[in-house]
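The values are calculated or read from the model by the stated rules, or taken from the named source; none is laboratory data. Keep in mind the model is a prediction, meaning the values are calculated, not measured. When we count neighbours, we look across all protein chains shown, and the Cβ atoms used for this are built from the backbone with ideal geometry, even at glycine. Each accessible area value is taken on the protein alone, full model and side chains, heavy atoms only, with ligands, DNA and RNA left out. Shrake-Rupley method; radii C 1.70, N 1.55, O 1.52, S 1.80 Å.
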Amino acid sequence: MSTATPPRAPSATAQDKPAEPTGSTGPTAPAATNPAATPAPPVQRSAVDWRLRFAMLSLIWGFSFLLIKVGTHGFAPFQVTFGRLFFGTAVLAVAMLVKRDRLPRGARTWAHLTVAAFFLNALPFSLFAYSELTIPSTLAGICNATSPLWGMLLSLVALSEDRPTRRRVAGLGIGFLGVLTVLGAWQGFSGLDFTGTAMALLASLSYPVGWIYIRRTLAGTGSSNLSLTGAQLFVATLQLAVVTPLFTTLPTSLPLGPLLAVVALGALGTGVALLVQYGLVAEVGPTTAQMVTYFIPVIATAAGVALLGEQLSWNTPVGAAIVLAGAALTQTRPRRARPVPRGNRQP
């Protein structure tokens, strides 16, 4: 899943994406206010150390691909996605009630949320579910790790303030070299299901498309991250509620294993995970919180091999390491020059 980091609010835009993408699971909501104009409230630290919460978030999102695979053993992909969104929305709705947060207002805001819900939730969640009908969960998790690469590539075109550097361009090239390594390009992609792999890569591309859209349209709405994300998941749930009956039939049974997988995927992998991530960003900042991206494919691979018995050839972990190295380079920023003291300025 592609993680989403609640952003700092710059003067012109309200999101850090795609400059700071995070793996695969949820939407990114723009910051509600400009910190330069509004003093930030003191951060309330959790009783649980942030490192433990970071590890928990990595595990939750890393296991999401295994849960998708198990869910598709009993339900159609659209049904898995609908269940995931339903239970994820329920968790955020409870959180909003506890915090007495309100839904966003304004038809324009809801129209933008409808587009964001499609690209950040309905489309990628469905594509990953369909892809895992024919490809291992390990490969889906690694494909998800390409999201920062797509994000950097798209941001160079769509965001004028996101300038390329040699290091970032090199990271882009290295990352896609890693993708070719994972797919076994030198073997002519033999033994690879092209359709399933293409769906997983398209899902990872969908996230930065949504991030850029949010960055351009939902700045300064006056709503909180929780409110915008809850509304976005709610809209995505409605989208799947319309689509699912058109392409699937009601299941004749509710097998326990797949049912529990879907519930866990929604409640934990979408709802609780987003709440944990927001807390991490508030406490340690988006740069540290986004590092969870680089643990997700490792955990997804380990879970798929250990629990599902999926086969792992040498090029999969090697290629994944190259992908992550390239993704890390694409997220680097040039250092800002320190201001020179007046007394030391040259005439």
Leaving ligands and nucleic acids out of the surface, order His73, His112 by accessible area at 1.4 Å, largest first.
His73, His112
State the volume of the convex hull built on the alpha-carbon positions of segment 129-247, expressed per residue in Å³ and rounded to an integer.
140
Hydrodynamic radius (Kirkwood) for segment 274-318, which is based on Cα pairs only, to one decimal in Å:
12.3
By accessible area (1.4 Å), largest first, Tyr278, Tyr213 order as Tyr213, Tyr278
Provide Phe125, Phe194, Phe295, Phe87 ordered by accessible surface of protein heavy atoms (probe 1.4 Å), highest first.
Phe194, Phe295, Phe87, Phe125
Projected onto the charge dipole of segment 136-234 (unit charges on the beta-carbon of Lys, Arg, Asp and Glu, signs +1, +1, -1, -1), the Cα from Ala200, Phe176, Gly222 with the largest positive-side position is that of Gly222
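Tell me, what are the semi-axes, in whole angstrom and largest first, of the equivalent ellipsoid of segment 65-112 as set by the roots of 5 times the Cα gyration tensor eigenvalues? Walk me through the numbers on the way to the answer.
Working: eigenvalues 168, 45, 10 Å².
Its equivalent ellipsoid spans semi-axes of 29, 15, 7 Å.
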Work from the charge dipole of segment 58-176 (Cβ charges, +1 for Lys and Arg, -1 for Asp and Glu, about the Cα centre) and give the residue of Gly62, Leu153, Leu113 farthest towards its positive end.
Leu113
Heads up, I need the accessible area for Arg216: 1.4 angstrom probe, whole protein in place, Å², nearest 10.
150
At the level of C-alpha centres, the distance separating segment 111-133 and segment 244-306, in angstrom, is 14
In whole percent, how big is the carbon plus sulfur part of the accessible area of segment 77-209, probe 1.4 Å, protein atoms only?
69
I'd like the projected area of segment 89-157, averaged over all directions, using the convex hull of its alpha carbons. Report it in nm² with one decimal.
7.0
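Can you give the charge dipole size of segment 102-217 about its Cα centre, rounded to the nearest 20 debye, using +1 on the beta carbon of Lys and Arg and -1 on the beta carbon of Asp and Glu?
On the way: 9 positive and 4 negative charges, 134 e Å.
Magnitude of the dipole: close to 640 debye.
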Give or take rounding to whole Å, what are the principal axis extents of the alpha carbon atoms in segment 212-293, in descending order?
46, 28, 19
